[in-house]
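Nothing in this text is a laboratory measurement; each read-out follows from the coordinates by a stated rule. The structure displayed is predicted, hence computed values, not measured ones. Here the Cβ positions follow ideal geometry from the backbone for every residue, glycine too, while neighbour counts run over all protein chains shown.
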Amino acid sequence: MTPGKFITLEGLDGAGKSTQLTWLAEYMQNQGLNVVVTREPGGTPLGEQLRAILLDNTLTMHPETEALLMFSARREHLDKVICPALAQGDWVLSDRFTDASFAYQGGGRQVAIDRLEILEQWTQGVIQPDLTLYFDVPVALGKQRITQIKPADRFEIEQTDFFQRVRTAYLDRVNKFPERINRIDATQSIDEVRVAVEQAIKKFLPR
Ligand code: TYD
């Protein structure tokens, strides 16, 4: 059995990550891989309830409460979905993972990075994604692209400076983990971004 790999997608809201995820899952399935598509916060019954709380724009919470809830959902997600799937050779495609906590809670909410690192270590030990695709767009473009079908959630109501800090934190992660995180220029057209995703993923597919 070829062991599966753990791939995560990251980016600002409006970067176009969800569009690419749908296509990528299909592409990987067409290569004969068993793909488990999941998301954070969420991915389990408990995680989805925590997601509802985390996105509820009528609630206020301390930034560290927010970080703890993100990692609580993640602990459950690893236990119930990610680890079992990888153990049976499936490929896991997650719409966001821990880089989002460093970007949104660390950058956006300014939670101390060393605290997030403790939570990361506690929650996932040595488990890290094999590959992360980071869809990079300037904040203004991301905002423009958000289709407001649903009301803005507790993150989407934030101001530009919050998202600037989130983007800066994501770019810091790209610099810190250049082997794992692949920055994709998501200002390009959907088709151009798709080609970049395909190039990044091809190196990972079994021959
Ligand atoms: P998102 O995938 O953007 O949901 P949707 O496409 O339905 O709007 O994720 C929801 C939000 O959660 C997003 O604004 C980023 C935030 N988030 C964090 O702040 N920290 C985290 O660790 C994760 C996983 C997500």
Name the residues in the range 1-41 that are assigned to a helix (DSSP H, G or I) and within 11 Å of the ligand (Cβ to nearest atom), would you? LYS17, SER18, THR19, LEU21
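Which one of these is farther than 30 Å from MET28 by Cβ, part of a helix (DSSP H, G or I), more than 9 Å from the ligand (Cβ to nearest atom) and not aromatic (Phe, Trp, Tyr): ILE82, ILE53?
On the way: ILE82 fails: farther than 30 Å from MET28 by Cβ.
Answer to the selection: ILE53.
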Can you go through LEU68, LEU59 and tell me which one is surrounded by fewer than 20 Cβ atoms within 10 Å (Cβ to Cβ) and within 12 Å of the ligand (Cβ to nearest atom)? LEU68
Does at least one position in the range 103-111 carry a residue that is over 27 Å from ARG194 (Cβ atoms), assigned to a helix (DSSP H, G or I) and either touching a Ser or Thr at 6+ places or on another chain (Cβ under 8 Å) or more than 12 Å from the ligand (Cβ to nearest atom) (or both)? yes
With within 21 Å of LYS5 (Cβ to Cβ) and crowded, with 20+ Cβ neighbours inside 10 Å as the only criterion, which of ASP99, ASP79 stands out? ASP99
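In the range 60-70, is there at least one residue being more than 26 Å from SER18 (Cα to Cα) and assigned to a helix (DSSP H, G or I)? Don't jump to the end; show me each part of the working.
Step one: filter the range 60-70 for residues more than 26 Å from SER18 (Cα to Cα), giving 60-62, 64-65.
Then keep just the ones that are assigned to a helix (DSSP H, G or I); that gives 64-65.
Checking the range 60-70: at least one residue is more than 26 Å from SER18 (Cα to Cα) and assigned to a helix (DSSP H, G or I).
Only one of ARG165, ARG207 is out of contact with any His (no Cβ under 6 Å at 6 or more places or on another chain) and surrounded by 14 or more Cβ atoms within 10 Å (Cβ to Cβ). Can you tell me which? Lay out the reasoning, then the answer.
Details: ARG207 fails: surrounded by 14 or more Cβ atoms within 10 Å (Cβ to Cβ).
Selected residue: ARG165, the only one of ARG165, ARG207 that is out of contact with any His (no Cβ under 6 Å at 6 or more places or on another chain) and surrounded by 14 or more Cβ atoms within 10 Å (Cβ to Cβ).
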Picking from VAL139, VAL111, which residue would you name as being of a type in the set (Val, Ile, Thr) and within 16 Å of ALA15 (Cβ to Cβ)? VAL139
